[in-house]
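> The structure under discussion is supplied below as structure tokens; questions concerning it will follow.
The values are calculated or read from the model by the stated rules, or taken from the named source; none is laboratory data. All values derive from a computational prediction rather than experimental measurement. Positions of Cβ are generated from backbone atoms using ideal geometry, with glycine treated the same way; all protein chains shown enter the neighbour counts. Areas reflect the complete protein model, heavy atoms only, side chains present, ligands, DNA and RNA absent. Shrake-Rupley method; radii C 1.70, N 1.55, O 1.52, S 1.80 Å.
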Amino acid sequence: MRTSRRSRIRAASAAAVTLALGCTALAALPSTAGAVAAGGLVVQYRTSASGATADQSEPWLKVRNTGSASVPLSDVKVRYYFKGDSASAAYRFACSWAVKGCGNITGTFKSLPNPTATADRYLEIGFTSGAGSLAPGADTGDMQLRFHRADWQTLGQSDDYSFGAERNTYGDWPKVTAQLGSVTAWGEAPGGGDPTDPPTDPPADGPTLFDDFDYSGHTDPRIAANGWSVRSNSGGPGVPGAVWAPENVTFSSQSGNAVMNLETSTAGTGSSTVQTEILTQSTKFRNGTYAARVKFSDAPRSGPDGDHLVQTFFTINDLKAPMADDYAEYDFEYLPNGGWGEPSNILYTTSWETYRPDPWEAVNQHSEARQSYAGWHDLVVTIDDSAITYYIDGQLFGTHGAQYLPERPMSINFNQWLIDLEGQSSTTPRSYDQQVDYVLHVKDQVLSPAQVSALVAGYRAAGTTFEDTVPGA
């Protein structure tokens, strides 16, 4: 992770040929469940771009509450399914006008786990808390939405599952689905329905690393004995002149679980900036499942907010030469205050094939979601012989192609650092926390998020705080 390549790739991300994906964890509330039982939702659809091809697709939507209980719109997700123009085609979402206000409507793109002839991805429409609730019988009013290819090439929509060329007035449209919490309350997804969670039974025993981070402090000898290194050496990424402080990696107990805290602080200068990182000593991890429960923070523990902070969970190996094809890196990176050209909070997952620092050239694919991820989140990335797949809170976040698969083993890392000092000019000291509950790697096995949760629960039920049966590189 290097500041120069990060800043350049983010500044150029609008032109990158990548698929922007996103998701939000779904949680069913009691009122939501009641509304589903009493009737649920209906989605109405029309299009204002009816051609077989178009500069942009224009699905205009309304959501109506047909139940007997009020529904918070923040619990609702609407999915418009379509076929990508190519495997690498990227798309951008926009809202032209909405009764609820475009600022209260989000649009992210996700891959369909089981593609069909008419859909391999979908646009997921969500709502912020500012959109309010739908009373029984009420609807959202017009949502005049659109999306286009990132390169503004003509898109084809005649073969899109949710597209209806003849729909020039609003009407019920079951080819656009509505999720209410974790329940499909309206419509039918292509192929007969969205996939259900896979079995939760953990797979057969395989080489595994599990660490509950049950340590007394950064000097606890078990940290090194268990294969970790708390960083103290200088260098990037981050603000020039910053130091990496082992003493800012601390441990505590929360709700019966041991939790690791990474504290990063600054007073607005490079020399006052203290960053934190912990990483495995060995680069022995390659294919399989990686998982961690991480708490991201939008606000500082103390002092003024606004710094361009990066909070991470990632795997990486070294770049042996510019554009070396055996480089690999797979990132979860949360920017609570933006940075790299972004104005506010954004979460990236990025799969790297290689790069050249000077002159800059990069080969990678990323997924993104522009929203707050403050709080605890379950992060899972799986790597097999065909793809890299990212999940957040059990929901698919992005799938990246085979060209980004690793050729060499990697280390596992967590760090928190500052991109620059441009987000907040104050010289008042401030500090930020990133917390980690556990980390898990299962070698050469692709686990579902549900299987990860079951495996972690089994370790904790047995009182196991650490295990490493993964053979060395």
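> Would you kindly calculate the translational diffusion coefficient of the chain, applying Stokes-Einstein with the Kirkwood radius from alpha carbon pairs, for 20 °C and a viscosity of 1.002 mPa s, and quote it in µm² s⁻¹ without decimals?
Values: Rh = 23.4 Å.
Using the Kirkwood radius from Cα pairs, D works out to 92 µm²/s.
> Still on this structure: Mind listing P(r) for segment 209-248? All alpha-carbon pairs, 10 Å bins, whole percents.
Calculated P(r), rounded to whole percents: 26, 44, 26, 3.
> Subtract the Cα-Cα distance of ALA374 and ASP298 from 0.36 nm times their separation in residues, and report this length gain in nm to one decimal.
On the way: separation 76, 0.36 × 76 = 27.36 nm, distance 0.55 nm.
Gain in length upon complete extension: 26.8 nm.
> Report the calculated FRET efficiency for ASP318 and ALA52 (r = Cβ-Cβ distance, R0 = 35 Å), to the nearest 0.05. It would help to have the intermediate numbers written out before the result.
Values: r = 49 Å, r/R0 = 1.40.
So the FRET efficiency works out to roughly 0.10.
> Can you list the lysines whose alpha carbon is less than 24 Å from that of LYS320, not counting same-chain residues fewer than 8 positions off?
The qualifying lysines are LYS284.
> Please calculate how many Å² of accessible area segment 98-166 carries per residue, with a 1.4 Å probe and no DNA, RNA or ligand atoms counted.
Working: 2640 Å² over 69 residues.
With the other protein chains kept in place, segment 98-166 gives 38 Å² per residue.
> Separation of segment 412-473 and segment 276-330 by C-alpha centroid, Å?
So the separation of the two Cα centres works out to 9 Å.
> What spacing in nm lies between the two simple spin-label points modelled at GLU467 and SER158, each 7 Å away from Cα in the Cβ direction?
5.6 nm
> Report the equivalent ellipsoid semi-axes for segment 309-363 in whole Å, largest first, defined as the square roots of five times the eigenvalues of the gyration tensor built from alpha carbon atoms.
Details: eigenvalues 112, 36, 12 Å².
In descending order the semi-axes read 24, 14, 8 Å.
> Please list, ordered by chain and number, the residues whose modelled amide H lies under 5 Å from the amide H of ARG121; skip anything fewer than 5 residues away on the same chain.
So ARG121 has HN proximity to PHE82, GLY84, LEU112.
> Round to a whole number: what % of the accessible area of the chain belongs to carbon and sulfur, probe 1.4 Å?
On the way: 8730 of 17720 Å².
It is 49 percent, rounded to a whole number.
> As a check on your grasp of the helix formula, calculate [θ] at 222 nm for the chain: sum -39500 (n - 2.57) over DSSP H runs of n ≥ 4, divide by the residue count, round to the nearest 500. Can you show the working numbers first?
Details: 4 runs with 35 residues, N = 473.
For the chain, the value works out to -2000 deg cm²/dmol.
> Report the Cα centroid-to-centroid distance between segment 65-92 and segment 211-267 in angstrom, as an integer.
39 Å
> On to the next question. Within segment 66-98, report the chymotrypsin sites (Phe, Trp or Tyr not before Pro) that DSSP leaves as loop and that have at most 14 other Cβ atoms within 10 Å. Spell out each step's value before the answer.
Numbers: sites: TYR80, TYR81, PHE82, TYR91, PHE93, TRP97; in loops: none.
Nothing satisfies the criteria.
> Per residue, how much accessible area does segment 318-473 have with a 1.4 Å probe, in Å²?
Details: 5410 Å² over 156 residues.
With all protein chains present, segment 318-473 gives 35 Å² per residue.
> Accessible surface of ARG286 in the full protein assembly, 1.4 angstrom probe, to the nearest 10 Å²?
The value for ARG286 is about 100 Å².
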